[in-house]
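In what follows, a structure is listed as structure tokens, so that the remarks can point back to it.
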Amino acid sequence: MSITTAVRSTLLDFRDVELVFPDGTVALSGVDLTVDRGEFVSIVGPSGCGKSTLLRIASGLESASGGTAGVSANRIGYVFQDATLLPWRSVQGNVELLAELHRKSKVDRSAKAAAAIDLVGLTGFEKHLPKQLSGGMKMRVSLARSLTLDPELFLFDEPFGALDEITRERLNDELLRLFVEQRFAGLFITHSVSEAVYLSTRVVVMSGRPGTVVQRFDVPFPMPRDPDIRFTPEFAELVGDVSHALREGHR
Ligand SMILES: Nc1ncnc2c1ncn2[C@@H]1O[C@H](COP(=O)(O)OP(=O)(O)OP(=O)(O)O)[C@@H](O)[C@H]1O
Ligand SMILES: [Mg+2]
């Protein structure tokens with residue numbers, strides 16, 4: 001079934017979603033998932049359980065073969081694990097790309113790009129080419145490019161998976177700041193349980209293939225989030241509970 005639209009503060013409403021690939025592989029089965037305005041939902045699950053497939057359905061790149069995959073966000077941002085930058089374009093040129101594809105005027109898109117570049121802390125690097133940037137900076141460019149669309153719903157597929165821990169932590173804090181300031185709803189995939197808990201208002205655990213939601217955890221820590229919560233017993237306990245559910249679902 002294709003993507004349907006719904007009014008409400010629910011931006012993503014998946015009910016009993018199933019996806020069977022043409023070769024017969026059942027990637028997803030019976031997936032129930034909602035993302036409301038103001039929510040940042042992370043998904044953790046074993047490799048191959050259908051997380052990327054789920055995001056592709058949310059973005060409209062793929063159609064569910066069963067159930068209803070409702071998305072009512074007008075503008076959707078999508079950040080992949082790979083920054084997917086055009087190597088011959090400068091930072092400014094890469095950030096302007098989506099606005100360009102949406103046929104925004106030159107003045108509009110350069111103003112939007114400048115604001116987004118500022119938001120991700122890359123002012124001064126506008127003329128740099130991707131090869132002159134670190135992995136973390138490339139990811140910032142990718143974030144900035146999607147921010148130019150003012151997304152209501154932001155989809156992230158393991159965006160920081162390839163980065164070292166310090167860079168990842170820094171980008172986690174920047175993403176949290178953007179979430180609080182820009183007020184998009186987030187759907188974030190990661191293999192790191194502590195990253196999921198730190199960033200999210202809710203963490204969803206998926207089982208192995210065919211992927212389905214096995215458990216949900218509300219994250220009680222307030223936003224804006226204090227980086228020091230990562231060192232509290234409450235945080236460690238929740239990370240432990242999610243990790244446990246992940247192992248159970250894997251069996
Ligand atoms: N086009 C396709 N045809 C057939 N099977 C596919 C296709 N695309 C993906 N799959 C299978 O569907 C399952 C889900 O893939 P998906 O990429 O969504 O997993 P994932 O949870 O994102 O994994 P990872 O954590 O490794 O990124 C996998 O078993 C994969 O092999
Ligand atoms: Mg994936």
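What follows draws every value from the coordinates through simple rules; no lab data is involved. Every value quoted in this text rests on a predicted model; they were computed, and no experiment measured them. For neighbour counting, all protein chains shown are included, and Cβ atoms are generated from backbone atoms with ideal geometry for every residue, glycine included.
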| remark: Restricting to Cα pairs under 8 Å and 6 or more apart, the percent relative contact order of segment 15-66 works out to 40
| remark: quick note, segment 114-251, DSSP beta bridge pairs, % antiparallel (nearest 5) is 50
| said: Helix-only estimate, please: 222 nm mean residue ellipticity of the chain, summing -39500 (n - 2.57) across DSSP H runs of length 4 or more and dividing by its residues, to the nearest 500. | reply: -11500 deg cm²/dmol
| task | Would you mind classifying segment 130-171 by shape? Square roots of the alpha carbon gyration tensor eigenvalues, ordered a ≥ b ≥ c; an a/c under 1.5 is rounded, otherwise it is prolate if a/b is larger than b/c and oblate if not. | result | oblate
| query | Most mobile of 128, 102, 191 per a Gaussian network model of the chain (Cα springs, under 10 Å)? | reply | 102
| request: Could you work out which residue, out of 172, 94, 74, moves most in a Gaussian network model of the chain, that is, has the largest mean-square fluctuation with Cα springs under 10 Å? | output: 74
| note | Across 194, 105, 59, the residue with the highest GNM fluctuation in the chain (Cα network, 10 Å cutoff) is 105
| segment 1-112: D in µm²/s via Stokes-Einstein (Kirkwood Rh, Cα pairs, 37 °C, 0.692 mPa s)? | 205
| request: Averaging sequence separations of C-alpha pairs under 8 Å and six or more residues apart, then dividing by the length of segment 99-251, give the relative contact order as a whole percent. | output: 17
| request: Could you rank the peptides 46-53, 202-209 by their average count of other C-beta atoms within 10 Å per residue, with the highest value first? | output: 202-209, 46-53
| Dipole magnitude of segment 175-234 about its Cα centre, charges +1 at Lys/Arg Cβ and -1 at Asp/Glu Cβ only, in debye to the nearest 20? | 240
| query | Over its Cα atoms, what ratio of radius of gyration to 2.2 N^0.38 Å does the chain give? | reply | 1.00
| message | Once you keep just the Cα pairs under 8 angstrom separated by 6 or more residues, what percentage relative contact order results for segment 91-189? | response | 30
| note | The answer for the chain, counting only DSSP H helices whose Cα atoms cover 20 angstrom or more along the axis and whose Kyte-Doolittle average is -0.5 or greater, is 233-250
